[in-house]
């Protein structure tokens, strides 16, 4: 862990203003380094997370006493930070690590995925062929936690990245995502908008009012900033949302189909994931079923101009191709920021009552819109990431402070 002195050396590098370091001498915050960019005051979700940290400290003390922490402590936990709370140096290091994975050869079966041209696309190949499992009621949270952790592991161990997977605070960027530190297209962003494509109208939302996430004015190739020269190979699939995307030579989308990264940086989507919505999600649902349904926007909220649900809203903040395709969405690096944000929200919700919520799984019922698994004993369910990582028990994916034999050991700030 860095010292306070070394922390202060990083502070002037934060975009927009000198950042504030918070490191009180006692309590949970003495165990975790916290950076804040004062350009963005804490929102209601940030404040709830801070108010929850003493509970987490107490929970960890119980686990340690019981010998169930698998050597994970708050002092040793990795810290995942919001993108704009990171220094510009660390942001550029993250971008460099993505580019490194894009240049490394794939490890997936070439006969099965001839279009996977890089180590980065190994992850896309897995997602596009396991999307139904990854998004059923049992796996949406835990399997994506493991998936993102394996991606983070690849960045660190194969490409020398020294940080951890960042998340995006949707609310910080919702009003103007195209001018945010995440998507403004400068060297310390993850790239900018696509050029305007009049043929791109947005993403249909059947059953909702309005019934489309209308285009934000992009839709075409990203021409500026990081990933402006990125080559997308896998897809599209039948779930693609973009206009005039070249067809893949294989019907399942797994062939080589080199093309540009397309985006539509979209306020209409982002406004569906604002802090008030996230706070309601975290505080108004004491059971997993209602939490899960609210996250998915089920049933569709009425009298809401952005009735998408946070899960959908986050996916389409900048999505066209491959990000707008539910199967190939990890092909856009923004995917990992979104699913890390969902992981953070799930963790905050769990930690309001860890005794009862840590291993909670949505019950199968006909009102849920995502693919459903039959009611089976979750203790018997295994998450198998095949060429990405070894199989682990589903319930091990629920605990980010000691799960997976202690390999999961991280917090959000």
- Of all helices (runs of 4 or more DSSP H) completely enclosed by the range 251-351, which ones contain at least 3 residues that are without any contact (Cβ under 8 Å) to a residue 60 or more places away in the chain? 288-295
- Can residue 154 be described as under 22 Å from residue 315 (Cα atoms) and surrounded by fewer than 24 Cβ atoms within 10 Å (Cβ to Cβ)? no
- Inside the range 49-88, can you point out the residues that are touching a helix residue (DSSP H, G or I) at 6+ places or on another chain (Cβ under 9 Å), assigned to a loop (DSSP other than H, G, I, E, B) and over 26 Å from residue 157 (Cβ atoms)? 68
- Message: Return the pair list, or none, for Cβ contacts closer than 7 Å from residues in the range 22-37 that are assigned to a strand (DSSP E or B) to residues that are surrounded by 13 or more Cβ atoms within 10 Å (Cβ to Cβ) and at pLDDT 90 or above, at least 6 apart or on different chains.
- Response: 22/34; 22/36; 34/413; 35/81; 35/85; 36/85
- Item | Out of 270, 278, 319, 313, sole residue that is within 17 Å of the chain's Cα centre (by Cα), modelled with pLDDT under 95 and within 21 Å of residue 172 (Cα to Cα) | 319
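Every residue, every condition in (1) more than 26 Å from residue 188 (Cα to Cα); (2) buried (at least 22 other Cβ atoms within 10 Å of the Cβ), yes or no:
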| residue | (1), (2) |
| --- | --- |
| 87 | no, no |
| 122 | no, yes |
| 141 | yes, yes |
| 150 | no, no |
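Could you grab me the full set of residues in the range 194-203 that are assigned to a loop (DSSP other than H, G, I, E, B) and either surrounded by fewer than 20 Cβ atoms within 10 Å (Cβ to Cβ) or modelled with pLDDT under 95 (or both)? It would help to see each step written out before you state the result.
Just the residues of the range 194-203 that are assigned to a loop (DSSP other than H, G, I, E, B), to begin with: 197-201.
Scanning the range 194-203 gives 197, 198, 199, 201.
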- Query: So residue 59 fits all but one of (1) buried (at least 21 other Cβ atoms within 10 Å of the Cβ); (2) in contact with a strand residue (DSSP E or B) (Cβ under 9 Å, 6 or more places away or on another chain); (3) within 24 Å of residue 378 (Cβ to Cβ); what number is the exception?
  - Reply: (1)
- Within the range 100-111, can you find the residues that are touching a residue at least 60 places away in the same chain (Cβ under 8 Å) and surrounded by fewer than 20 Cβ atoms within 10 Å (Cβ to Cβ)? 100, 102, 107, 109
- Message: Suppose the filter is in contact with a strand residue (DSSP E or B) (Cβ under 9 Å, 6 or more places away or on another chain), part of a loop (DSSP other than H, G, I, E, B), at pLDDT 95 or above and surrounded by 23 or more Cβ atoms within 10 Å (Cβ to Cβ); does residue 191 pass it?
- Response: yes
- Among what's in the range 38-48 and is assigned to a loop (DSSP other than H, G, I, E, B) and touching a residue at least 60 places away in the same chain (Cβ under 8 Å), pick the residue that is farthest from residue 411 (Cα to Cα). 40
- Query: If you go through the range 206-224, how many residues are modelled with pLDDT of 95 or more, in a loop (DSSP other than H, G, I, E, B) and surrounded by fewer than 20 Cβ atoms within 10 Å (Cβ to Cβ)?
  - Reply: 7
- Number of the exception - residue 91 against (1) under 24 Å from residue 336 (Cβ atoms); (2) touching a residue at least 24 places away in the same chain (Cβ under 8 Å); (3) assigned to a loop (DSSP other than H, G, I, E, B): (3)
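The values are calculated or read from the model by the stated rules, or taken from the named source; none is laboratory data. On a predicted model such as this, the values are computed, not experimentally measured, just so you know. No Cβ is skipped: glycine too gets one built from the backbone with ideal geometry, and neighbour counts run over all protein chains shown.
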